[in-house]
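Undergrad: One structure is given below, represented as structure tokens, and several questions about it will come after.
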Amino acid sequence: MPVAQWYCSGLVNYFERGNLPEDRALLYKLCVEGLLHTWDKRRGIHSEFGLEEKLRVCREVAVKMQAADRAEYEISKVGEIFTAVLKDPGRAENLLKHIRIRTGLLIERRHGVFAFAHLTFQEYLTARAVFEGNKEGIDTEMLVKEHDDERWAEVIALYCSIAPASVAGHLIERLIEQEDTPSL
């Protein structure tokens, strides 16, 4: 079992009372939403920030990092993304502090440098950003164009698991139309 799945399964097993989903995308969804919001809420810890707001900023950080082929970003870059999404520098700063201290999803690896707790969370959030829309403009056409770049392989797989079958099917059809490559 890959490390990310092991980590997630441990979290979900503990917090979801042993009910582990077979679908990796659903497993990562439970982990991400649990880390960001659900598990604090269950313990009676309230936040001024809602789940959707937390997800929105994390998706934008993830897709920007993925597009830049980065696993870490300086706090200034993360802060800029939060501010661009929230359009309120004070609120963005408070949300970044909340996510850093409370969630364990976006962590400070070393002073002033942030990363997702595991690359899989970045890939999952990127797939959600592609499906739900993002400020970077990364869409399925870009995934088709970049399909042979290995950093997008897991994003494509997770996107196909997140999207409805007809939408995922369209992406798969577009990939089949491409010239044969080692990744296909």
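The values are calculated or read from the model by the stated rules, or taken from the named source; none is laboratory data. Because the structure is predicted, anything quoted here is derived from the model rather than measured. When we count neighbours, we look across all protein chains shown, and the Cβ atoms used for this are built from the backbone with ideal geometry, even at glycine. Surface accessibility is based on the protein's heavy atoms, side chains included, excluding ligands, DNA and RNA. Shrake-Rupley method; radii C 1.70, N 1.55, O 1.52, S 1.80 Å.
Undergrad: Would you mind counting up the charge near LYS97? Only other residues with Cβ under 13 Å from its Cβ, with Lys and Arg at +1 and Asp and Glu at -1.
TA: So the surrounding residues net to +1.
Undergrad: Looking only at ILE162, ILE99, ILE172, which one moves most when the chain is put into a Gaussian network model with springs between Cα atoms under 10 Å?
TA: Result for the chain, Cα springs under 10 Å: ILE172 fluctuates most.
Undergrad: Using +1 at the C-beta of Lys and Arg and -1 at the C-beta of Asp and Glu, which of GLY44, ILE107, PHE121 has the Cα lying farthest in the positive direction of the dipole of the chain?
TA: GLY44
Undergrad: Then there's this: Would you mind calculating the relative contact order of the chain from Cα pairs under 8 angstrom and at least 6 residues apart, reporting the percent as a whole number?
TA: After rounding, I find 20 percent.
Undergrad: Sticking with this structure for a sec: Would you work out which of LEU55, LEU95, LEU175 lies farthest towards the positive end of the dipole of the chain, given +1 charges on the beta-carbon of Lys and Arg and -1 on that of Asp and Glu, about the Cα centre?
TA: So the residue furthest toward the plus end is LEU95.
Undergrad: Same structure again: Looking at this model, which pairs from LYS64/LYS97; LYS29/LYS135; LYS41/LYS64; LYS54/LYS145; LYS64/LYS145; LYS77/LYS135 are more than 26 angstrom apart at the alpha-carbon?
TA: Those over the limit are LYS41/LYS64; LYS54/LYS145.
Undergrad: Picking from TYR124, TYR73, TYR159, which is most flexible by a Gaussian network model of the chain using Cα springs under 10 Å?
TA: TYR73
Undergrad: Is there a quick way to get the dipole size of the chain? I mean about its Cα centre, with the Cβ of Lys and Arg at +1 and of Asp and Glu at -1; what is the value in debye to the nearest 20?
TA: Its charge dipole is roughly 1120 debye.
Undergrad: Is the shape of the range 139-183 best called rounded, prolate or oblate, per the rule: a/c under 1.5 gives rounded, else a/b larger than b/c gives prolate, else oblate, with a ≥ b ≥ c the square roots of the Cα gyration tensor eigenvalues?
TA: Oblate.
Undergrad: Net charge within 9 Å of GLU60 by Cβ-Cβ distance, Lys/Arg positive one each and Asp/Glu negative one each, not counting GLU60 itself?
TA: Here the charged neighbours net out to +3.
Undergrad: Express the carbon and sulfur contribution to the solvent-accessible surface of the chain as a percent, rounded to the nearest whole number, probe 1.4 angstrom.
TA: It is 51 percent, rounded to a whole number.
Undergrad: In the P(r) worked out for the range 109-153, what percent of Cα pairs fall beyond 16 Å?
TA: Taking all Cα-Cα pairs of the range 109-153, the fraction more than 16 Å apart is 48 percent.
Undergrad: Could you report the range 111-184's accessible area per residue, 1.4 Å probe, as an integer in Å²?
TA: In whole numbers, the range 111-184 has 51 Å² accessible per residue.
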